[in-house]
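Student: First, the structure itself, so that you have it in front of you.
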Amino acid sequence: MKVYGKGFIAFNLKKIKLPKKIFIYAAGISNSNSKNVKDYKREIAQIKKVVKKINNKIFVYISSLSVENKKLKNDKYIKNKLKIEKIVKKSCKKYLIIRLPQIVGINNNKHTLTNSLYNNILKNKQLSIWKGSVRNLIDIDDIKKILKKYFNNKYKLCSTINIFNPYSVDVVYLVRIFEYLLNKRAKFKLINKINKNINLKSIKRETILPLNYYKNIKNKDYIKRVLKKYYL
């Protein structure tokens, strides 16, 4: 197995032992809020260059669960992810597209949701939270377990798999957890805006893994345990 990428997810996936026929592409723009057109064009050019060098291996593209959110169809980050998915489908005879939610773990990316909340609360900065906003989070260690199990079982080539926590969590609840961990009151205000939450129930059943893949992820207490693991 080979993993292409230098970021947080790529670094962790390199620790999994998988068949040599697997080639995982886990590179991309770390800031999903980026508006830099040059970065997106560079990302497209890079994956086109890489897929040309793949011979008989199974090309696995690590995409984002956020592409399932129809309200984000005009978002630059999402449009680019979908464009890359199409390139992979068109260019690779044997491929798998793996869409991941927001991943929690030790990383230096200040743009991740949990890192951003943690740092802003720690520095007494004001937070603006969309009222009713929820996010889907999974521990990177659980992602590794899920993918290892998936690739060591029978899987269908040329397909898309959505991996996600069965329980999305309210962002305000995340703030409350950080308040508890840091023993510090957070400064935040709720903003009334149209939410861009992912409707998990609308995701096609054929793209979802069986529940036994998520045996370690049971309820909201899971999120509290994960944040305590990495931020306490």
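Student: Is there a residue in region 21-32 that is closer than 15 Å to C92 by Cβ, free of Cβ contacts under 8 Å to residues at least 24 places away in the same chain and either hydrophobic (A, V, I, L, M, F, W, C) or open to solvent by 40 Å² or more (accessible area, probe 1.4 Å) (or both)?
Tutor: Narrowing region 21-32 to residues closer than 15 Å to C92 by Cβ: 21-25.
Right, trim to free of Cβ contacts under 8 Å to residues at least 24 places away in the same chain and you get none.
No, because not a single residue in region 21-32 is closer than 15 Å to C92 by Cβ, free of Cβ contacts under 8 Å to residues at least 24 places away in the same chain and either hydrophobic (A, V, I, L, M, F, W, C) or open to solvent by 40 Å² or more (accessible area, probe 1.4 Å) (or both).
Student: Do any residues in region 216-232 that are of a type in the set (D, E, K, R) have Cβ atoms under 6 Å from those of residues that are modelled with pLDDT of 95 or more, where the two are at least six apart or on different chains, and which pairs are they?
Tutor: Pairs found: K224/I177.
Student: Could I ask something else about it? I'd like the residue in region 127-150 that is open to solvent by 20 Å² or more (accessible area, probe 1.4 Å) and either outside any helix (DSSP H, G or I) or among the small types (G, A, S) (or both) and, out of all such residues, is farthest from V171 (Cα to Cα). Explain how you work it out, then say what you get.
Tutor: Of the residues in region 127-150, the ones open to solvent by 20 Å² or more (accessible area, probe 1.4 Å) are 128, 130-132, 134-135, 141, 144-145, 148-149.
Within this subset, residues satisfying the condition of being either outside any helix (DSSP H, G or I) or among the small types (G, A, S) (or both) are 128, 130-132, 134-135.
On the way: S128: 11, W130: 8, K131: 9, G132: 8, V134: 5, R135: 7 Å.
Looking at the filtered set, the residue picked out is S128.
Student: Within region 160-177, is there a residue that is part of a strand (DSSP E or B), touching an Asp or Glu at 6+ places or on another chain (Cβ under 9 Å) and open to solvent by less than 70 Å² (accessible area, probe 1.4 Å)?
Tutor: Within region 160-177 (the criterion being part of a strand (DSSP E or B), touching an Asp or Glu at 6+ places or on another chain (Cβ under 9 Å) and open to solvent by less than 70 Å² (accessible area, probe 1.4 Å)), the answer is yes, since at least one residue qualifies.
Student: Take region 105-126 and flag every residue that is open to solvent by less than 20 Å² (accessible area, probe 1.4 Å) and in contact with a Phe, Trp or Tyr (Cβ under 6 Å, 6 or more places away or on another chain). Lay out the reasoning, then the answer.
Tutor: If we filter region 105-126 for residues that are open to solvent by less than 20 Å² (accessible area, probe 1.4 Å), which is where we start, we get 105, 114-115, 117, 121.
Selection gives L117, I121.
Student: Would you be able to tell me the number of residues in region 182-222 that are closer than 20 Å to N69 by Cβ and out of contact with any helix residue (DSSP H, G or I) (no Cβ under 6 Å at 6 or more places or on another chain)?
Tutor: Kept after step one, since they are closer than 20 Å to N69 by Cβ, are these residues of region 182-222: 191-209.
Okay, now just the ones that are also out of contact with any helix residue (DSSP H, G or I) (no Cβ under 6 Å at 6 or more places or on another chain), so 191-195, 197, 199-202, 204-209.
Here the count works out to 16.
Student: Still on this structure, please answer the following. Out of K57, K41, I need the residue that is of a type outside the set (A, V, I, L, M) and exposed (fewer than 15 other Cβ atoms within 10 Å of the Cβ). Which one? Full working, then the answer.
Tutor: Numbers: K57 fails: exposed (fewer than 15 other Cβ atoms within 10 Å of the Cβ).
Answer to the selection: K41.
Student: What are the residues in region 179-196 that are surrounded by 10 or more Cβ atoms within 10 Å (Cβ to Cβ), within 27 Å of I78 (Cβ to Cβ) and out of contact with any Asp or Glu (no Cβ under 9 Å at 6 or more places or on another chain), if any?
Tutor: If the condition is that a residue be surrounded by 10 or more Cβ atoms within 10 Å (Cβ to Cβ), within 27 Å of I78 (Cβ to Cβ) and out of contact with any Asp or Glu (no Cβ under 9 Å at 6 or more places or on another chain), then F188, L190, I191, K193, N195 are the ones that fit.
Student: Also, quick follow-up: Filter region 173-186 down to residues that are without any contact (Cβ under 8 Å) to a residue 12 or more places away in the chain and of a type in the set (D, E, K, R) and give me whichever is nearest to P101 (Cα to Cα).
Tutor: R176
Student: Then there's this: Given the criterion among the small types (G, A, S), part of a helix (DSSP H, G or I) and closer than 23 Å to I138 by Cα, identify the matching residue among S66, S34, S30.
Tutor: Working: S34 fails: part of a helix (DSSP H, G or I); S30 fails: part of a helix (DSSP H, G or I).
Among S66, S34, S30, only S66 is among the small types (G, A, S), part of a helix (DSSP H, G or I) and closer than 23 Å to I138 by Cα.
Student: Which number in (1) modelled with pLDDT of 95 or more; (2) open to solvent by 80 Å² or more (accessible area, probe 1.4 Å); (3) under 25 Å from I140 (Cα atoms) marks the one condition that K86 misses?
Tutor: (3)
Student: Exactly one of (1) within 18 Å of L211 (Cβ to Cβ); (2) open to solvent by less than 20 Å² (accessible area, probe 1.4 Å); (3) outside any helix (DSSP H, G or I) is unmet by L96. Its number?
Tutor: (1)
Student: So K189 fits all but one of (1) touching a strand residue (DSSP E or B) at 6+ places or on another chain (Cβ under 8 Å); (2) without any contact (Cβ under 8 Å) to a residue 24 or more places away in the chain; what number is the exception?
Tutor: Result: K189 passes all but (2).
Student: Return the total of residues in region 197-232 being exposed (fewer than 15 other Cβ atoms within 10 Å of the Cβ) and not in a helix (DSSP H, G or I).
Tutor: Applying the first criterion (exposed (fewer than 15 other Cβ atoms within 10 Å of the Cβ)) to region 197-232 yields 199, 201-202, 204-207, 210-212, 215-216, 218-221, 225, 228-229, 232.
Still in the running and not in a helix (DSSP H, G or I): 199, 204, 210, 215-216, 218-219, 232.
Within region 197-232, residues that are exposed (fewer than 15 other Cβ atoms within 10 Å of the Cβ) and not in a helix (DSSP H, G or I) number 8.
The values are calculated or read from the model by the stated rules, or taken from the named source; none is laboratory data. Keep in mind it's a predicted model, so treat the numbers as computed, not measured. Glycine gets a Cβ as well: all are built from the backbone with ideal geometry, and neighbour counts include every protein chain shown. For accessibility, only protein heavy atoms count, side chains too; no ligands or nucleic acids. Shrake-Rupley method; radii C 1.70, N 1.55, O 1.52, S 1.80 Å.
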